[in-house]
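Working notes, beginning with the structure itself.
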Amino acid sequence: MKHLSARPARLADAPAITEIYNQGIEDRIATFETEPRVVSQIEAWFGHALAILAVEDGDGRVAGYAVAHPYSPRDCYRGIGEFSVYVRREARGRGVGQAAMEALIAAAEAKGMWKLVSRVFPENRASLALMARMGFEEIGVHRNHGKLDGAWRDNVIVERVIAANLD
Ligand SMILES: CC(C)(COP(=O)(O)OP(=O)(O)OC[C@H]1O[C@@H](n2cnc3c(N)ncnc32)[C@H](O)[C@@H]1OP(=O)(O)O)[C@@H](O)C(=O)NCCC(=O)NCCS
């Protein structure tokens, strides 16, 4: 997709982010969540997320986002972000996810974070391809990590160390 631009997300992006996340929830490929979010839940992210990045298409519309939440409340893990990345259905496969992840990695580095981690369903080929493309390592597989629509599902653990912040 031409003219993509990534920037820190703003509170005013919450309705668009909600819509995009809810498409991902509906598609059943990305998350164990099954209940659609409401905008106030996404607005709350702006109070506690480590970073939220939005990608705009050429028309200034939010086409995707990436968010990193604290991995753990423990101080020793304060530099680890647990992230997710979602792209509007009609915008997938055109570089939006990559733009969101590049911006997230840059933001994490700027904030002194030393690692990004996530979990991906093994069936989610697009997400695994994006992670590989962005330099994430597959650490292993959580077996039977949760149930989605009554079926036990595995999760591939992915991580990317931000070497610049290991000092
Ligand atoms: C997964 C997702 C974020 C990827 O974003 P995207 O904008 O569609 O991906 P991009 O166009 O930036 O492509 C990035 C890489 O993934 C590859 N890819 C994208 N879609 C793919 C698909 N359906 N199958 C295989 N590879 C795919 C691209 O070829 C590209 O790799 P390359 O640069 O080596 O060629 C997006 O498809 C999405 O939102 N899916 C639903 C929600 C989701 O699964 N989120 C991830 C939760 S862990």
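None of the figures in this text is laboratory data; all of them are computed from the coordinates on show. Since we're looking at a predicted model, the values are computed, not measured. Don't worry about glycine lacking a Cβ; one is built from the backbone with ideal geometry, like all the others, and counts go over all protein chains shown.
Taken over the chain, the percentage of Cα pairs per 5 Å bin, counting from 0 up to the bin with the maximum distance, is 1, 9, 17, 22, 22, 18, 8, 2, 0. Based on C-alpha pairs under 8 angstrom that are at least 6 apart in sequence, segment 5-165 has a relative contact order of 20 percent.
Using the Cα centre of the chain as origin and beta-carbon charges of +1 (Lys, Arg) and -1 (Asp, Glu), tell me which of A30, G135, W114 is placed farthest towards the positive end of the dipole. Most positive-ward Cα: G135.
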